[in-house]
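Please read the structure below before turning to the comments.
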Amino acid sequence: MGYQYDLADFKRFLNDKNAKYRVDGLIFWQNRIPLPIDLFNRIFNESDQIVTDYVYQVAASAVTFSNRESFQETLGINVSDLPKGDLKKQFKGLISWLTEKLSDRSAVVHMTYEIADLLGLEGFTFSVDKVADALQHQGKKYARIFMPVEVKERYSLTVDFKRVVA
């Protein structure tokens, strides 16, 4: 069965691929987990922005964990505590450090483009400022960031993965 990239076909695709996904009235169900349909629809409609933010989170993790000692020495924050809102106080130093580490030939920048392509982001353009934004939000620590197998493979080629989870 052919699918269009729209909300109705996405719901149909999920239902066809796994009966655990279903819509019942105003609720989208995944097994026994309910999600209001308007929230599900909003997530679908904003998926490009959500995926873009995720790609920058992975890039921020990769650049800081692969340059752990330099980051900690320069900014005085342990990488295992990232992301951290306290970095807003050191914005100029953060931008300077990121600009130095994320040149156009950087392995992290190359990895970021590969992941963006893998996740279907058309017209993705890398931005050091967005990596800085990713580092400054208060959220799930990078040491516990979820990565699908394909993303983890590319990440592992760029960062010594054993050092990240240690």
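Values in this text are rule-based calculations from the coordinates and carry no lab data. Here the structure is a predicted model, which is why all the values come from computation and not from measurement. Heads up, the Cβs are rebuilt from the backbone with ideal geometry, glycines too, and the neighbour counts pull from every protein chain shown.
Projecting the Cα atoms of GLY76, ILE43, LEU118 onto the charge dipole of the range 34-166, computed from C-beta unit charges around the Cα centre, puts GLY76 farthest toward the positive end. With springs only between Cα atoms under 10 Å, which of PHE91, PHE28, PHE124 fluctuates most in a Gaussian network model of the chain? Greatest mean-square fluctuation among the candidates belongs to PHE28. Aspartates and glutamates within cross-link reach of LYS130: Cα-Cα under 16 Å, excluding same-chain residues under 8 positions apart? Filter leaves ASP48, ASP53, GLU100, ASP104. Candidate cross-link partners of LYS20 among the aspartates and glutamates, defined by an alpha-carbon separation under 17 Å and a same-chain spacing of 8 or more, comprise ASP9. Electrostatic bookkeeping for ARG154 treats Lys and Arg as +1 and Asp and Glu as -1; over the other residues with beta carbon under 11 Å from its beta carbon, the sum is -3. The alpha-carbon positions of the chain define a convex hull whose volume is 140 Å³ per residue.
Close amide H partners of PHE28, meaning residues 5 or more places away or on another chain with modelled amide H under 5 Å apart, are LEU35, ILE37. Exposure proxy for TYR54, TYR142, TYR21, TYR5: other Cβ atoms within 10 Å of each Cβ, ordered fewest to most, give TYR5, TYR21, TYR54, TYR142. Each of THR52, THR112, THR158 has some number of other Cβ atoms within 10 Å of its Cβ, and from fewest to most they run THR52, THR158, THR112. For a paramagnetic label modelled at 7 Å from the Cα of PHE13 toward its Cβ, which residues of the range 112-148 fall within the zone defined by backbone nitrogen distances under 18 Å? Within reach of a label on PHE13, which here means backbone N under 18 Å from a point 7 Å along Cα→Cβ, the range 112-148 contributes 116-123, 148. Computed from phi, the 3J(HN,Hα) profile of the range 34-40 under the Karplus parametrisation 6.51, -1.76, 1.60 (θ = phi - 60°) reads x, 9, x, 4, 5, 5, 4 Hz, with x in place of Gly and Pro. A simple charge model with +1 on the Cβ of Lys and Arg, -1 on the Cβ of Asp and Glu and nothing else charged puts the dipole of the chain at about 640 debye relative to its Cα centre. Global size of the range 95-166: 12.6, 35 Å for Rg and Dmax (C-alpha atoms, Rg to one decimal, Dmax whole).
Ordered by the count of other Cβ atoms within 10 Å of each Cβ, fewest first, VAL63, VAL51, VAL79 give VAL51, VAL79, VAL63. The H on the amide N of TYR21, modeled in the peptide plane, is under 5 Å from the matching H of ASN31, each at least 5 residues off or on a different chain.
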